[in-house]
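Some notes on the structure that comes next.
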Amino acid sequence: MFQCISQSLDQELVNIKTDDKQVFVGKLISITSDSITIENENLGIITLAKSNISILNYGHDFNQNNSSEPFFIPTAIPNGRDNHYYRNYALFGQNFSFGLNDNLDVSFGFELLSIFIPVFTGDGPTWPLMQLAAKYSGEISKNLHVGISTKVLFNDNGGGILTSVPITVGGLRTNFTFAPTFSQELGEDNRDFASLFNFNIALSNKIRLVTDGIYVDGSLLATSLIEIRLKNNILLQPGIIYSNEFNIVPNFSFTIPFSAPQKKENLRF
């Protein structure tokens, strides 16, 4: 399986900006003396004249900076090399995600609510909940990705590990992920099975619907958010959390990308 993954990602990703401020992202097919040909997810194979191109960026697609994990449930789509981002969950949750190469993502995070609660309750201090995660994933075919993901959550009272096999069908912005998952308490032998899922529907180039869900032993916990892409690919995600017990609470997240400088070519020279 992973041999297929590595073969399918041999083509380099490029980001092209034209003189009229249009941006085209796709896998590089060929470069000739007067044109560049790429494969774009929505437009297919397109050829652009070098005379109309101002900047050619290699190796990154910052328009897809959160395809790996649109909210919390991992998809089987990798971040991509050098695509890194910071995500805030409802002010108190902090997470940093890094695309180490075309297939491997790692992340770490922590929450701050545990630090503030004792201030109001008078209880003793509690270590914040920490998260460490890694995922290896890639493309099997144009609209099918498969991966292996693990998340470890822990504090001074113990923790647990989630091991998932996400399977994602669809493109980068509109897709569905099903992730069968085993959970286990750290230091314990008991294991539970959970069904994790995520689906995303692009409503426009700047807006899409993002939904995460966890189903365990007849109980459903899910969140739906509207993802709004701002300038510099900053994302706002207002939404709600709900369950099959009809409890609804507000939810909010924002994402800020940060990455290594891109390799650029000015095609006029």
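The values are calculated or read from the model by the stated rules, or taken from the named source; none is laboratory data. As the structure is a prediction and not an experimental result, all values here were calculated from the model. As a convention, Cβ positions derive from the backbone with ideal geometry for all residues, glycine included, and neighbour counts pool all protein chains shown.
Observations, loosely collected:
- Residues being over 15 Å from G147 (Cα atoms) and either among the aliphatic types (A, V, I, L, M) or surrounded by fewer than 17 Cβ atoms within 10 Å (Cβ to Cβ) (or both) - total across the stretch 175-194: 11
- The residues in the stretch 24-46 that are at pLDDT 80 or above and surrounded by 13 or more Cβ atoms within 10 Å (Cβ to Cβ) can be counted, and the count is 14.
- Checking the stretch 151-169 against the condition returns no match, with no residue being in contact with a helix residue (DSSP H, G or I) (Cβ under 8 Å, 6 or more places away or on another chain), closer than 30 Å to N232 by Cβ and modelled with pLDDT under 95.
- Qualifying residue in the stretch 6-17 (condition: loosely packed, with under 14 Cβ neighbours inside 10 Å, over 20 Å from the mean Cα position of the chain (by Cα), at pLDDT below 70 and not charged (D, E, K, R)): yes
- Per-region count, the stretch 213-245, residues part of a helix (DSSP H, G or I) and hydrophobic (A, V, I, L, M, F, W, C): 0
- Check on A49, touching a Ser or Thr at 6+ places or on another chain (Cβ under 8 Å), among the small types (G, A, S) and modelled with pLDDT of 90 or more: no
- Those residues of the stretch 179-225 which are of a type in the set (A, V, I, L, M, F, W, C) and touching a Lys or Arg at 6+ places or on another chain (Cβ under 9 Å), in sequence order: F182, I201, A202, I207
- Taken over the stretch 230-257, the residue count meeting the criterion of being surrounded by 13 or more Cβ atoms within 10 Å (Cβ to Cβ) and either over 20 Å from R173 (Cα atoms) or touching a residue at least 24 places away in the same chain (Cβ under 8 Å) (or both) is 15.
- Options I214, I234, I201, I207; residue that is within 30 Å of V25 (Cα to Cα) and in contact with a Leu (Cβ under 9 Å, 6 or more places away or on another chain): I201
- Restricting the stretch 52-71 to residues that are at pLDDT 85 or above and either surrounded by fewer than 19 Cβ atoms within 10 Å (Cβ to Cβ) or outside the structural domain of A90 (by TED's automatic domain parsing) (or both), the residue that is nearest to F252 (Cα to Cα): I53
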